[in-house]
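Here is the structure we will look at, set down as structure tokens.
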Amino acid sequence: ARITLRQLLDHAAEHGYGVPAFNINNMEQGLAILEAASAVDAPVIMQASRGARSYAGDIMLSRMIEALTEMYPAIPICMHQDHGNNEATCLSAIQHGFTSVMMDGSLKADARTPADYDYNVAITRRVVDAAHWVGASVEGELGVLGSLESGAGEPEDGHGAEGALSHDQLLTDPAQAVDFVAATRVDALAIAMGTSHGAYKFSRKPDGDILAMHVIEEIHSRLPNVHLVMHGSSSVPQALQDLFNASGGEMPQTWGVPVEEIVRGIRHGVRKVNIDTDCRLAMTAQFRRVATGSVSEFDPRKFLKPAMDAMRDLCRERFEQFGTAGQA
Ligand code: G3H
Ligand code: 13P
Ligand code: ZN
């Protein structure tokens, strides 16, 4: 059944668990997530970026959600717009059956330039008003995603801010967070605490200097009833890096967000945990393995099936680690 982000995260807060939000672009990713969820009885958040919507098409994506809802009637499914950049993106997502949207007003509509606070409040509030009229939920973001470590976390493909950002912009100000939630009435708040999108988050295993978990604790202590969202939460597991590189891939050694830090976040109000890179890597490592191991293979299913299975296993692991398993 379809569920809104607010309904799901209220339940997660009441029962003290977190929900991974996996990005989808195609049928295989949707099937992988639902297979995993159904194996462990976990509720699901699937999210589509603007890039995913233009890749698959809104009609295809909305029919996929319908199909998955029908195939897995016992699993609550929230379909969410990831990083909406303006009102039109958010409202057209809702029109296509999304039950939740992110209005990312931390960046201007070009999705690259940091926006000022008043712009963020105003555009987020407009989207909240419109979404709430029709029963959809809204995630806002305060603070700009990006690495606190110079040299790591360089912006990739339009999803990071341009140019050097000050330490202040990269960490959500807890006092401002209190004001932002009151002014916008968002259902969930994404915060910046040193994570960035993509595989290259940290050049060493992160400690408190470059992964500012204390920001989450501080915000949660001031806003105990607000659902927090962690972006850039892929762990970039060593085993996946090794598998990718063992079949001809060239991924320089990198570190993501350790699962134990996410679990600590979940103890301090983090309810939605965004993961895309780990799923991509799990799938692509299998493409590489099949391509190099079976050089005459040309049936796409022989690539896609192991890729789907690898993503399913990763999703299942996160459902278990975040306490989502058993909550459907
Ligand atoms: O926000 C970042 C997500 O990983 C989506 O990435 O825009 O390449 O689909 P994408
Ligand atoms: P990762 O790149 O760490 O998977 O983050 C995804 C994300 O935050 C999508 O909004
Ligand atoms: Zn994100």
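Straight-line reach from K205: taking Cα to Cα under 18 Å and skipping same-chain neighbours fewer than 8 places apart, no lysines fall in range. For the range 270-314, applying the loop criterion from DSSP together with a ceiling of 10 other beta carbons within 10 Å to the chymotrypsin sites (Phe, Trp or Tyr not before Pro) yields F298. In terms of its C-alpha gyration tensor, the range 1-103 has an oblate overall shape, because the principal axis ratio a/c (a ≥ b ≥ c, square roots of the eigenvalues) is not below 1.5 and a/b does not outweigh b/c.
Residues in the range 193-204 carry Karplus couplings, in order, of 8, x, 8, 9, 6, x, 7, 9, 8, 9, 9, 7 Hz; the curve used is 6.51 cos²θ - 1.76 cosθ + 1.60 with θ = phi - 60°, and Gly or Pro positions show x. Each Lys and Arg contributes +1 and each Asp and Glu -1, all at the Cβ; summed about the Cα centre of the chain, the dipole is approximately 600 debye. The packing ranking of peptides 62-69, 15-22, 246-253, highest mean first, is 15-22, 62-69, 246-253, where packing means the average number of other beta carbon atoms within 10 angstrom of each residue. Between G208, G146, G232, the residue with the greatest mean-square fluctuation in the GNM of the chain (Cα pairs under 10 Å linked by springs) is G208. State the answer as a single residue: which of A131, Y119, I75 lies farthest towards the positive end of the charge dipole of the range 5-321, with beta carbon charges of +1 for Lys and Arg and -1 for Asp and Glu, about the Cα centre. Among A131, Y119, I75, the one farthest towards the positive end of the dipole of the range 5-321 is I75. Taking +1 at the Cβ of each Lys and Arg and -1 at the Cβ of each Asp and Glu, which of M64, L107, G269 sits farthest along the dipole of the chain towards its positive end, judged by Cα position relative to the Cα centre? Of the options given, the answer is M64. Each Cα pair under 8 Å and six or more residues apart adds its sequence gap; the mean of these over the residue count of the chain is a relative contact order of 21 percent. The modelled label-to-label distance between K305 and N225, using points 7 Å beyond Cα along the C-beta direction, is 5.2 nm.
With the cut-off at 1.5 for a/c, could you classify the range 110-150 from its C-alpha gyration tensor as rounded, prolate or oblate? The shape class here is prolate.
To the nearest 20 Debye, how big is the dipole of the range 1-76 about its Cα centre, given +1 on the beta carbon of each Lys and Arg and -1 on that of each Asp and Glu? With Lys and Arg at +1 and Asp and Glu at -1, about 300 debye. If a spin label sat at a point 7 angstrom from the Cα of S38 along the line to its beta carbon, the backbone N atoms of the range 62-92 nearer than 18 Å would be those of 63-79. Entry note, the chain: the mean residue ellipticity at 222 nm calculated from DSSP H runs of n ≥ 4, each adding -39500 (n - 2.57), is -14500 deg cm²/dmol after division by the residues and rounding to the nearest 500.
Between H132 and K205, the FRET efficiency from the beta-carbon distance, with R0 = 51 Å, is close to 0.80.
On the beta carbon distance between F298 and N245, with R0 = 25 Å, the FRET formula returns roughly 0.55.
Each of P237, G140, Y200 was placed along the dipole of the range 5-321 (beta-carbon charges, centred on the mean Cα), and the one lying farthest toward the positive end is P237.
Distance between the modelled labels on E217 and E66, one decimal in nanometres: 4.9 nm (7 Å Cα→Cβ projection). Inter-label distance, E87 to E260: 4.8 nm, where each label sits 7 Å from its Cα along the C-beta direction.
No value in this document is a laboratory result; all are computed from the given coordinates. Computed from a prediction, not measured in an experiment: that's the story for all the values here. Methodologically, a virtual Cβ is constructed for each residue, glycine included, from the backbone with ideal geometry; neighbour enumeration extends over all protein chains shown.
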